[in-house]
Structure formats: structure tokens, C-alpha cells
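So the structure is just underneath, and the comments pick up after that.
The values are calculated or read from the model by the stated rules, or taken from the named source; none is laboratory data. A quick note: this is a predicted structure, and the numbers were derived from the prediction, not measured. Don't worry about glycine lacking a Cβ; one is built from the backbone with ideal geometry, like all the others, and counts go over all protein chains shown. Keep in mind that these areas ignore ligands, DNA and RNA; they rest on the heavy atoms of the full protein, side chains included. Shrake-Rupley method; radii C 1.70, N 1.55, O 1.52, S 1.80 Å.
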Amino acid sequence: MNEPAPKRGPRLSWLLLLLPFAAMLFVPFYNRVEPAFLGIPFFYWYQLLWIPLGALVLLPAYLGDRR
Amino acid sequence: MNPVAVTIFVALFAFVTLLGFGAARWRRGDLTHLHEWGLGGRRFGTLVTWFLLGGDLYTAYTFVAVPALMFGAGAVGFFAVPYTVLVYPILFAVFPKLWAVAHEKGYVTAADVVRGRFDSRMLALAVAVTGIVATMPYIALQLVGMEVVIAGLGIPMTMTVGGVAVPDAPLLIAFVVLAAYTYNSGLRAPAMIAVVKDALLYVTVLVAVIVIPAELGGYAKIFASVDAKSLLLTPSTPGNLGAPSAYATLALGSALALLLYPHSVTGLLSASSVKAVKRNAVILPAYSFALGLIALLGFMAVAAGVKALPEFASGFKQFGNTFAVPALFLHAFPAWFVGIAFAAIAIGALVPAAIMSIACANLFTRNIYKEFIAPNASHKAESQVAKIVSLVVKLGALFFIIELPTQYAIQLQLLGGIWIIQTLPAVFLGLYLKRLDPTALLIGWACGIGAGTWMAAQSAFKTSTYALHVFGLTVPCYAALSSLVLNLAVALALSLVLGSKRQATHSAG
């Protein structure tokens, strides 16, 4: 447990970059109508939601290597 | 022809033309240097880079073609969303490094980076030629976007000048203007115009996604009007991964290909710092959101039933589903707003067309002219050649769109994506892997181009997906991605073989 924390931080934050790939490439998961949101089928709102989420997952890596 | 819409359209067009010429004086630099003309002096901060790349990556053609695909084919067209979601983690991982290398060594193009990294003229030439060839049809397609809105305004395409009928006159005028200010101001022109274009675009999108659904009775009604078969992808069956597989591979392959296009590289290398590049990976998705909403306009056009309206019959006859969004705007908006929305699309075609032609010019000048024709060319000669090439490239695109069926440009652009992705091992992996061998990369590149072209040819260039058969399972896959896998396998395997051979000769000698 003597591992210095900063060394692990950036690596974990880089792993986050893989999340959008998992979320977008497994298509059968989101190829469905329900649960719909305000009349918008899941297929559409789920993918639209991942646009801001995709930007958010970059933030830790961005902040992490600013030093 | 509606005088109000046309007046606003022409006025906005005239305004950006003035901006384009004035841009030469913005953050003034010596335009006789290639990095000043062709990269804006690498002086663009976070915000200008954001506008420039937004105008560059999200082209007018995309904004017309994606909703057209939704309108005609349904859910498949929405692949543009996962595609643009995947672009940014890749950009974030690769481009800060590419920018740093280019900045340190004064590189202007991706082929420069490859030349420096591998010391191989032929590999750099392959990267440069692939870039130029893949980009040309892309420029031609920008004209299609412009053509559709000009026709939508009812401006006659043939004009009589001094008793002589000139076909496609409005397109000719637009392109001569574009060519002139690109020649004059270089990358500063599209950067400045992009600010106006993006402002118009965001206004148009915001109004469209609020006003049109309200007119049509809400989003639930819009989705209900789309027939059930097009609303989702056809699910896979036990022996066939089907449409979801094509969708996922298209998204991933397109994301990788986009960042290798010369206009992406030019846009990113013109940023003033690594920080500006990284920040843009975080803030550029705002455009993806606009694109996602624009994609939905295709369904709104279905709900509005524009195809059945007699006033749009000739437009649909001439342009097919590409006319869906212009028809929707004409149907739903007052004339003055149609002028603004159409100007956003037409000006949206100018920005990427300018950047693409500059990117091609940079490649030709640096990696063909200076490398093979005139190694001792001065800075001034270099910059002059680039200016002339940018003109030639645009004339070629114009000729293409006027003289040949649009279908050719679409098919070539589809092939362009398959070709440009083959430069990935040399351009991206070269930044990280030490053991890559240039000869191996060149052979991998050739295998990828050959296999990808062959796969697209199997459908007579109608689609870019090709069904692979793996242990009795049918896997429809974007040909760019499957041919890239082959390219990578060949390049890595041969690098190991050639690399160890080279080491052996080294230690022997």
C-alpha cells in the first residue's frame, strides 16, 4: 500500500476512455424502444445521452495530466 | 423563388466573402510561409480551434446526408451518433502526441510525421497520395449540399450572362469566390468564416428542434409516424449478426477514418498548444449533439409528409432523399428563417471545402513537390505551389460535380473512407510502437487498400459493408475496419520478421 497515489490516478483515468466504446459498440443492448423517454425510444435517447457522457469521461484524464 | 429568403441568403453569403478576404490580416503572419498560409501560423487558441474543427469535421454534406439516410432508411442513419461519440476518446489519446511531434519538428502534414519517424520517402508518399485521393471526392460532395439548398431556394441553376446560357452558374460563382479567398488568406479564411457558420447552424438547429416538433404535435407523434421496421435496427439472428454488427463497425471504422483525413490533421495541427487540442476533445461533442438532433430532422420530415407535397415533387425527383431537410425547412419555417437556415448549410459547405483543399495542397507541396520535384524550393516557392494546388483541387471537384453523376462522387467518398483508414498503422501506431518497419507498413497498406476495395466492389460500390463468414457465422462488417485488421496483421507480422533480420545484419556488421 506504499504505492504513491498520483501514479495510479492517471492510469485509471485513461481506462475511462474505454467506456464509450463499451457503451456504443454493444448495439443489441440499446436496439430497443422501451424504456422510452418523452416519447423518444431508448435507441435514440441512449445514444444521444452518450454524447455528453463521452465528453465527461475525458475530464479526469484531462485534469490528471495538466500538471 | 422567394425574394425574402433569397435576399437573406445572398446577403449572408456576401458577408462571409468579405470576412474571407479580410481574414488575411487576422493575427497577421507572413503568408509566403507554408505554415502561415496552410496552418494559420499554428496560432489558433482553444476557441478558434473549436469553431474551425466544428466547421471542418461536421460538414454540410453530413448535415444533409445523415437526416436523408434517416428519412429513407431509418435507424441505420443514426450511426452518425455513436461514430462521433467514439471520435473524441481517440482524438484525446492520439492527437496531443501528434501535435507535439509536429510542433517540435515543424511538420505540416501527417505524411511529414511519417517521413520523419520512418525515414522512408515511399511510405510518406503513400500516406500523402492516399490523403489527397480520399479527400477529393469529399470536396465534391460539399458542393452537393450547396446545390440542394440553392435549388431549394428556387434560384435558377442556368443563368444567361451576355446572351450565353451558363449551366450551374450559382455553384460556379460560389466556388470562384471560395477559391479566391482561400488563395488569398489560407487557413485563416475558413477559421474566421467558421465562426459565422457555426452561429447560424446552432440557431437553426435550436429553432428546428423546438419549432418543428411543436408544429407536428411532439416527439412521441414524430416517432409514431415512422414505420416500425425503420424505427430500430433489424435484430441479429442465430447464424447472422446482422444490422447491429454493421452499425457498430461503421461507427468505429468511421471514427478512426475521420481523424486520419488530411483536413482533420490540418485543423488539429493549427492549434496553438497541446492544451487547446485536449480541451477541444472535451468541448467538440457539442457539435455531435447538434448532429444528433439534425439526424432526427429526417424523422420530422417523415412526420410532416413532405414527400407527398406537390411543391416539393421536382426537388425530390432531382435530389432524392437529400432534399428531405430542405423541404422540411421550406414547409415549416417562414421565408426569412429559410434564408438563414439555408445559408447555414451553404456556408457550412464552404468551410470544409476550403480546409480540405488547403490540406491537399499542404500534402502535395510538402510530400510530393518538395520531396520529389524541387528539394531546394524556397519558403516562398513552397507557399506559392500550395496556393495554386488549392485552386486546382477545387476546380477538379467542381468539374466532377458538374460533369459526372453525383453517384460517382458518393461512391468514391465511400471508397475514400476505406483507403484513408489504411494509413492508421503508419500515422498513429508509429507514434507509439518502436519496432514498426516502414517496408512492412507499406505492404500492409497495400493489402488493406486492395482487400477493402475488393470488398466494396462486391456490392458494385453501393455499400461499404461486406459480410465476413467466420466459423459458419455471418458477420456484416464495415469494409474499412475488416481491411484495417488485415493491414495491421500484415504490418505487425512483417515488422517482427524484417525487424529481427535487420538487427541480425546490424550485429553482424
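Those helices (runs of 4 or more DSSP H) of segment B:1-90 in which at least 2 residues are more than 30 Å from B:Leu328 (Cβ to Cβ) and either among the aromatic types (Phe, Trp, Tyr) or without any contact (Cβ under 8 Å) to a residue 60 or more places away in the chain (or both), considering only elements entirely within it, cover B:3-22.
A single entry from B:Asn280, B:Asn362 fulfils the requirement of being touching a residue at least 24 places away in the same chain (Cβ under 8 Å), crowded, with 19+ Cβ neighbours inside 10 Å and more than 14 Å from chain A (Cβ to nearest Cβ): B:Asn362.
Summed over segment B:156-187, the residues that are without any contact (Cβ under 8 Å) to a residue 60 or more places away in the chain and open to solvent by less than 30 Å² (accessible area, probe 1.4 Å) give a count of 2.
Here the condition is being buried (at least 22 other Cβ atoms within 10 Å of the Cβ), more than 14 Å from chain A (Cβ to nearest Cβ) and closer than 26 Å to B:Ile420 by Cβ; of B:Ser264, B:Ser288, it holds for B:Ser264 alone. Counting the residues of segment A:16-66 that are more than 23 Å from B:Thr234 (Cβ to Cβ), in contact (Cβ under 8 Å) with a residue 24 or more places away in the chain and within 7 Å of chain B (Cβ to nearest Cβ) gives 5. Scanning segment B:96-112 for residues that are in a helix (DSSP H, G or I) and either in contact with a strand residue (DSSP E or B) (Cβ under 9 Å, 6 or more places away or on another chain) or surrounded by fewer than 24 Cβ atoms within 10 Å (Cβ to Cβ) (or both) yields a count of 10.
Listed conditions (1) of a type outside the set (Gly, Ala, Ser); (2) outside any helix (DSSP H, G or I); (3) in contact with a strand residue (DSSP E or B) (Cβ under 8 Å, 6 or more places away or on another chain) are all met by B:Thr234, apart from (3). Screening segment B:235-250 for residues that are more than 9 Å from chain A (Cβ to nearest Cβ) and free of Cβ contacts under 8 Å to residues at least 24 places away in the same chain and picking the one that is nearest to B:Gly72 (Cα to Cα) gives B:Thr237.
Residue check: B:Val427 meets all listed conditions (1) of a type in the set (A, V, I, L, M, F, W, C); (2) closer than 26 Å to B:Tyr478 by Cα; (3) out of contact with any helix residue (DSSP H, G or I) (no Cβ under 6 Å at 6 or more places or on another chain) but one, namely (3).
Quick check: is even one residue across segment B:382-392 more than 18 Å from B:Ala180 (Cβ to Cβ) and outside any helix (DSSP H, G or I)? Looking for residues that are more than 18 Å from B:Ala180 (Cβ to Cβ) and outside any helix (DSSP H, G or I), one finds none in segment B:382-392, hence no.
Taking segment B:145-155 as the range and being surrounded by fewer than 21 Cβ atoms within 10 Å (Cβ to Cβ) and in a helix (DSSP H, G or I) as the test, only B:Ala151 passes.
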